[in-house]
Each structure stands twice: as structure tokens, then as C-alpha cells.
Amino acid sequence: MTSLQQTSKIHRTVLSNGIVLLVTENPACDIVAGRIFIRAGSCHESREQAGLVHLLSTVITKGCEGLSSLSIAEQVESLGASLGTDATSDYFLLYLKTITTDFAEILTLAGRILRSPTFPESEVELERRVTLQNINSQKEQPFTVAFDKLRRAIYPNHPYGVSILGEESSVRNLTRADLADFHHQYFRPDNITISIAGRITPSQATDLVEQVFGDWQIPDTELPIINLSEIAVAPQQIVTPQNTQQSIVMLGYLAASMHSPDYGALKLLSTYLGNGLSSRLFVELREKQGLAYEVSAFYPTRMFRASFVVYMGTAPENTYKALSGLYKEVELLCSTELSPASLQASKNKILGQYALGKQTNAQLAQIYGWYEMMGLGIEFDRQFQETIIQVNVDHAIAVARKYLREPYISLLGQETPVSSALEQFSQGIPQ
């Protein structure tokens, strides 16, 4: 194995079978948290199997070699521990937390779950029904419907265009064999990052991980290579008539991935526009103009090109004003509207929130493991903060001009207000 001791007290080790182990020793609290990342998110699914990783994440803890679903649950509860899974577009995650003396036992259990799941047919069917119910439930949520339409327009041939839950037609056809096959392809030691934080030394953690995972051999087969379509379609405008009490107005822009040098500036622009009660959209469109029931912006961190979204919930009669207002506020970013003082306030906010996001062992295990899994390395923790500090007004404006000029538009609400708003907007938008 090879080791690297970082000045930030994060110990990085690569086991002989390819597992990357990160250890953050924090003796202040008698808790150890672990995050086991596997590079196997929904981006690794085919469109015909959309929802496979999510279904796998719900079933994998429901039985493994020698243990039933009930036995697993009883063991976790008897320790007062927590153990669960999550699925995202870019990776699969198993998380665990317990007091220090019980960490070896819960990690051993996690190893059994990851390495030898049984995917019982009854559990697959049960979780499939739950997933289908959740998919149908989302169809009753106006915001979710509007965002789904926007996402599909931005990513017509890319996994980011589909909810992590999948689609009703694809989920219905998923089988236990599909889960077992995906597990066989991607759940392997050379595709795993384990991040541990808490009252445990690097040597103790390394010995423990070697005991649990050291005999896991790299298969002879190569990891599948994902071949994703280029994301390049002209911006679209979508109207979804729905008899709701408010209109949902969304503008989306195809932005950059977290690997882009523009990532930090885009995070700042998103924070400036829509993060909190002091954000530009909240102050201008809700407080001053009274247009918004809710208003915000978000720019999720993604391995591939992410979307930059601003949205508002407003009264039907204010749909056009809301659409024009959102468009205007984003357009102002492309001029000199962003003052140095506003940019500095956004820097303070994002850096403060970033620091608060590293207070617990679970948060530390998450963030360092996530950076490693996304191919950025643990040094990105420092690099991200430095990048935010170094962004100036000219750079922010240049990035806004690069990405935030031609929006995809998704409007949902009563047919006459949303259709009329889009028609008025189309007639007046600068060409």
C-alpha cells in the first residue's frame, strides 16, 4: 500500500486491492463516522434501467449472506448505531456511525452488506412498489413537476435528465437479476473510497479496514466505461397547464461541472442570487415587489455539466412579472450590477456555511470522501476556499456572460396565465 499524510491531518492510504482509505482523527468526541463511496451512480445506468441504483440502495441492506433484513436491523439497533444508504447521480453511498468501541462491529456488518447482498425477491418487490408510489407522488407536487420538465429539456439524452428514482416504465421492469448484475460490475475494491472520521487513529482504521476488506480481490474484468451523450441542445420553453393555486416559474442554464475553473464563481453567483433572506432575488422580488411566495437559486455540484436554476412560486396574475423579474435579475449579473460589496458578502456567506458544514465527524467523513470520489482529491478542501476568495467582480461577470445568457424556461400553473406570460415574454426578450 501507499500512504500520504496531509498537513490538514487527513491520512490517505491506498490498500493493495485499490481501496482508497481516508482517516480524519478527531478525539474530541467518542463517535466514529464512516462513509463508503462507490463510483456507481445513476450516470452508470442505461436509460432503459433508470432507477436501478436507487432501487439497489433501498434493497442492499435488506439481506446479505447469512443475515436477513431483520437480523441486520436488530444488530444495528442493538449497538445504538446508524447505518443506511443513498444513491445520487454520480455515486452510491453507505453511511455508518457509532461509538468508538462498536465501530469495528458496524464496519464488519457494512462489509458483509456491500460484498454479499442477497437481494431477496420479496424485498425487491416491496421496494419497487414504494418507489413507484414515490414517483406517482412527485407528479402531484407542482415544483417537482416543473423541475422535471426543465431537467429533461436541459438533459434530453443524459442521466441527469431523469430523477434518481427513475421512471415508472423502467422501474416496473427492473429485476433482482438486474441488481445483482450491476452489483457485480461496480461493487469492487478498486472502485471504492472509504472515509472515516472520529476517535480512531490512522493505523487503527487501516488495520480494521484491512481485516474487513483486505481479502476482497480486484476482478479480472475491466470496470465498464460510461459513454454519455454530449449535452448540447437549444434552450426550450415548456408550459405545463395545471390547476394550481400558484404559478411555478423556472429558468435554467447549462453551466459547468465541479471540475471547471468556473465552478467557484458559479457557486458565488448562485449564493448571491438565491441563498437566504438577504439574497438578491428574495430582497428584490419578494420584499420589494411582493411577487414571490418562495424564490431561490441553486447550482448543484456535479461530476458532469450542472444546471444553474432560478425559480419562483407566485400568484397566477403575477406570472409574467415573475418571469420577467427572474430573467432581468440574472441578466444583471452579466453587467456591472454585482458590486464588490455584494460579492464579498456572498463570499462571507458561502465560506461561513462551508465551515459550519464540517463540524461533525459525519460531515468530515462525507466531505473528504466525496472530494476523493469525485476525482478532486482531499486538497480540494483548501483549493475551494482559496478559489472563492480569489473570485473578483470581473471574473464573476465574465462567468455569468459565459453561462447565463440563454435560459431554458419551465412554467407550470393555470393555463391562461402561464401561456400568456410566455407569449408576452417571447415577444419582448432581446434576440
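Could you tell me whether the stretch 97-104 includes any residue that is within 27 Å of Trp370 (Cβ to Cβ), under 24 Å from the mean Cα position of the chain (by Cα) and of a type in the set (Asp, Glu)? Scanning the stretch 97-104, I find no residue that is within 27 Å of Trp370 (Cβ to Cβ), under 24 Å from the mean Cα position of the chain (by Cα) and of a type in the set (Asp, Glu), so the answer is no.
In the stretch 133-162, the residues that are polar (S, T, N, Q) form Cβ pairs under 9 Å with partners that are at pLDDT below 90, at six or more places apart or across chains, as follows: Asn157/Arg47; Asn157/Leu228; Asn157/Ser229; Asn157/Glu230; Asn157/Ile231; Asn157/Val233.
Taking helices (runs of 4 or more DSSP H) that fall entirely within the stretch 308-378, which contain at least 2 residues that are in contact (Cβ under 8 Å) with a residue 24 or more places away in the chain and either among the acidic types (Asp, Glu) or under 30 Å from Ser247 (Cβ atoms) (or both)?
Here the list reads 319-332, 340-356.
In the stretch 20-42, of all residues being touching a Pro at 6+ places or on another chain (Cβ under 7 Å) and buried (at least 24 other Cβ atoms within 10 Å of the Cβ), the one that is farthest from Thr193 (Cα to Cα) corresponds to Ser42. Scanning the stretch 294-313 for residues that are within 14 Å of the chain's Cα centre (by Cα) and under 14 Å from Gly274 (Cβ atoms), we see that the one that is surrounded by the fewest Cβ atoms within 10 Å (Cβ to Cβ) is Pro300. Across the stretch 81-91, the number of residues qualifying as in contact with a helix residue (DSSP H, G or I) (Cβ under 6 Å, 6 or more places away or on another chain), more than 29 Å from Ile225 (Cβ to Cβ) and not in a loop (DSSP other than H, G, I, E, B) comes to 1.
For the stretch 106-161, filtering for residues that are in a helix (DSSP H, G or I), farther than 21 Å from Tyr299 by Cα and among the hydrophobic types (A, V, I, L, M, F, W, C) leaves 11.
Would you check if Leu94 is touching a Gly at 6+ places or on another chain (Cβ under 8 Å) and in a helix (DSSP H, G or I)? No.
Taking the stretch 256-277 as the range and being more than 17 Å from Val393 (Cβ to Cβ), touching a strand residue (DSSP E or B) at 6+ places or on another chain (Cβ under 8 Å), in contact (Cβ under 8 Å) with a residue 40 or more places away in the chain and in a helix (DSSP H, G or I) as the test, no residue passes.
The values are calculated or read from the model by the stated rules, or taken from the named source; none is laboratory data. Keep in mind it's a predicted model, so treat the numbers as computed, not measured. Cβ coordinates were reconstructed from backbone atoms using ideal geometry, including for glycine residues, and neighbour counts include every protein chain displayed.
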